[in-house]
Amino acid sequence: MRIDLGGGAGYPIAGFVRVDVSGGDVTHDLRNTPYPFGDCEAEIIHCSHTLEHLCKSDAMALLGESYRILESDGLLTLAVPNMDIYIDAHLRNDFSGIVGCYDLNYCVGDTVPADSHWRHKYLWSFEALAYVLANTGFVNIVQHQHSDGPFRHLFPGHAYNPDFAPVSLYLDAVKP
């Protein structure tokens, strides 16, 4: 089984079961555990621009559930806003390279109601996310560009939203 956590109706991936609070193949609020899948049931879990919409404890629970659901040698692919890019822009006082973003608060959703699932609640750097993934048990944690990851062949015809590419952090991790 291949699972897309937070996939909703946005960018469906052929052959993946989309899990989301609305618009997915399986309706499930990712803040609630356990997820509706058995242990070691998935070969791949994809989670693109979802983790940042969860508070840190819920995001860590998502990673833990992903680990539980993945089979041995299973792959987790993640995409999140890259906190380092936003902090660098803030320190330079230059957000011109970030489409639609005018200050650091925009990234954490100051234009979205606080109780909305659309609001960004937590930002990640590679180091922070890799640390949490490793402590969850994942290995072979690799950062890559959106179009050149080592496992891109597993997503035929799927393209990440190109608007997000300049500000995103893309990682792959394996459950041993």
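Observations
Each row is one residue, and each column tells you yes or no for (1) modelled with pLDDT of 75 or more; (2) not in a helix (DSSP H, G or I).
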site: Asp84; (1), (2): yes, no
site: Phe95; (1), (2): yes, yes
site: Ala134; (1), (2): yes, no
site: Ser147; (1), (2): no, yes
site: Leu169; (1), (2): yes, yes
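- Filtered by the rule that a residue be modelled with pLDDT under 65 and β-branched (Val, Ile, Thr), region 97-118 gives Val99, Val108, Thr111, Val112.
- Positions within region 38-57 being of a type outside the set (Asp, Glu) and touching a strand residue (DSSP E or B) at 6+ places or on another chain (Cβ under 7 Å), in sequence order: Cys40, Ala42, Ile44, Ile45, His46, Cys47, Ser48, His49, Thr50, Leu51
- Scanning region 89-104 turns up no residue that is open to solvent by less than 20 Å² (accessible area, probe 1.4 Å) and not hydrophobic (A, V, I, L, M, F, W, C).
Per-residue answers, yes or no, for (1) assigned to a loop (DSSP other than H, G, I, E, B); (2) modelled with pLDDT of 90 or more; (3) within 24 Å of Val139 (Cβ to Cβ):
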| position | (1), (2), (3) |
| --- | --- |
| Ile3 | no, yes, yes |
| Gly10 | yes, no, no |
| Asp58 | no, yes, yes |
| Ala61 | no, yes, yes |
| Glu65 | no, yes, yes |
| Leu76 | no, yes, yes |
| Ala79 | no, no, yes |
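- Top-ranked residue in region 53-87 [being open to solvent by less than 50 Å² (accessible area, probe 1.4 Å) and touching an Asp or Glu at 6+ places or on another chain (Cβ under 6 Å); ranked as farthest from His120 (Cα to Cα)]: Gly74
- Listed conditions (1) of a type in the set (Ser, Thr, Tyr); (2) surrounded by 15 or more Cβ atoms within 10 Å (Cβ to Cβ); (3) modelled with pLDDT of 90 or more are all met by Tyr122, apart from (3).
The values are calculated or read from the model by the stated rules, or taken from the named source; none is laboratory data. Just so you know, these numbers come straight off a predicted model, no measurement behind them. Positions of Cβ are backbone-derived with ideal geometry, glycine not excepted, and every protein chain shown enters the neighbour counts. Just the protein is used for accessible areas: all its heavy atoms, side chains included, with ligands, DNA and RNA removed. Shrake-Rupley method; radii C 1.70, N 1.55, O 1.52, S 1.80 Å.
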